[in-house]
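Remarks on the structure that follows.
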Ligand SMILES: [Zn+2]
């Protein structure tokens, strides 16, 4: 199981770092070229031209072994 622990991008146009901290947290940078959404549930990006040209992905993931107990998961998240 792969969990998202940080859902973030940096806009290449204005240099702003955007982070979506929960599933309904839709964040747009100050120049309006890029947006992030989805929090720790899924990664959604909006961009002007292409992911390569518009932003640097700063997202972080954690690999969780399938036998991890709920108690341990609650401590991590
Ligand atoms: Zn921007």
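Table for the structure above
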| read-out | value |
| --- | --- |
| Simple label model, 7 Å out from Cα along Cβ direction - residue 70 to residue 52, nm | 4.5 |
| Separation of the residue 63 and residue 17 label points, Cα + 7 Å toward Cβ, nm | 2.5 |
| Likely footprinting exposure, 13, 24, fewest C-beta neighbours within 10 Å first | 24, 13 |
| Mean ellipticity per residue at 222 nm, deg cm²/dmol - from DSSP H runs of n ≥ 4 across the chain, formula -39500 (n - 2.57) | -3000 deg cm²/dmol |
| Residue order, fewest to most surrounding Cβ atoms within 10 angstrom, among 2, 29, 14 | 2, 14, 29 |
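The numbers here are math on the coordinates, done by the rules we state, and not lab data. It should be emphasised that the depicted structure is a prediction, and the values quoted were computed from it without experimental measurement. We place every Cβ from the backbone using ideal geometry, glycine too, and count neighbours over all the protein chains shown.
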